[in-house]
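Before any comments, here is the structure.
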Amino acid sequence: MQQGETFKLSRVILTSLLAALIVIPLVLAYKYKEILAVVLSDKTETEQLIAEAVSPVADRKVYISCEPISQSGNSDTTLTRGETPFIGRWATPVILLTEETCLSIDTFSNLTSKTDATTEQLQALITISHEAFHTTGVIQEDVAECYAVQRISDISRKLGATIEEAEQVQDRAVSLQRRTASDEYITSECRDNGPYDLDPARAGSFPY
Ligand SMILES: [Zn+2]
């Protein structure tokens, strides 16, 4: 190959690469613009509160939307409690919550005594903890749920509970989960020292 041709070919490859570098992110940003909008939008106080409570559990910065949207950009009426959108196998840092879930967390944070938590508030705590684990890339429902029940007390603490209150809230949330969760959310592997025990070194730390 002549030197001139090699130069021309290199220029074509370089131009194509540059074009791909610009075009691919633009296409992705457009395709997932609703998810991007949640990341970039101003957050309400409740959305900020929930994000701050669950980000340490997820070990990443999480973005909350209390106005659930579907991937088509319309309001998502099929959402029950909460959802974490995935792009392929990649978990986004976005959690879409129903207004009811957000309201329950908001009212929980305002309780003078957190031990007065209602069933709805306990369920909302389980939901935000569960979704937080989806944002870490956990896909299976029973695994996300198993991790979730172990972090209710941490999340309660972030929402203003004392250590004693947080432990009681966790106990009540766990017993609620055991009574009401459907089979898809339960695994026999969810046990002290089991594969999903987040603190295996701490004997008896498991909430069951
Ligand atoms: Zn889930």
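The magnitude of the dipole of the chain, with charges of +1 and -1 set on the Cβ of Lys/Arg and Asp/Glu and taken from the Cα centre, is near 920 debye. Lysine pairs in the chain whose alpha-carbon atoms fall under 23 angstrom of each other, counting only those eight or more residues apart or on distinct chains, come to 8. As a calculated quantity, the FRET efficiency between Val12 and Asp42 at R0 = 41 Å, using C-beta atoms, amounts to about 0.40.
The alpha carbon convex hull volume per residue for the chain rounds to 164 Å³. A straight line joining the Cα centroids of the range 90-129 and the range 28-56 runs 16 Å. Carbon and sulfur: what percent of the chain's accessible surface (1.4 Å probe)? Of all accessible area on the chain, carbon and sulfur atoms account for 54 percent.
Based on protein heavy atoms only, the range 32-185 ends up with 49 Å² per residue of surface accessible to a 1.4 Å probe. At the residue level, Arg178 shows approximately 120 square angstrom of accessible surface with a 1.4 angstrom probe and all protein chains present.
Helix 3-31 and the longest principal axis of the Cα set of the chain meet at an angle near 30°. Once the Cα atoms are used to define both axes, helix 99-109 deviates from the longest principal axis of the chain by about 50 degrees. In the chain, helical runs assigned H by DSSP with n ≥ 4 each contribute -39500 (n - 2.57); averaged across all residues and rounded to the nearest 500, the mean residue ellipticity at 222 nm is -17500 deg cm²/dmol.
For the chain, the longest principal axis of the C-alpha atoms and the axis of helix 45-58 are separated by about 90°. Any idea which of Leu14, Pro25, Gln177 is furthest toward the positive side of the dipole for the chain, if Lys and Arg beta-carbons carry +1 and Asp and Glu beta-carbons -1? Value: Leu14.
The values are calculated or read from the model by the stated rules, or taken from the named source; none is laboratory data. Small disclaimer: the values here were computed from a predicted structure and weren't measured. In this analysis, Cβ positions are derived from the backbone assuming ideal geometry, glycine residues included, and neighbour counts consider all displayed protein chains. SASA here: full protein model, heavy atoms, side chains in, ligands and nucleic acids out. Shrake-Rupley method; radii C 1.70, N 1.55, O 1.52, S 1.80 Å.
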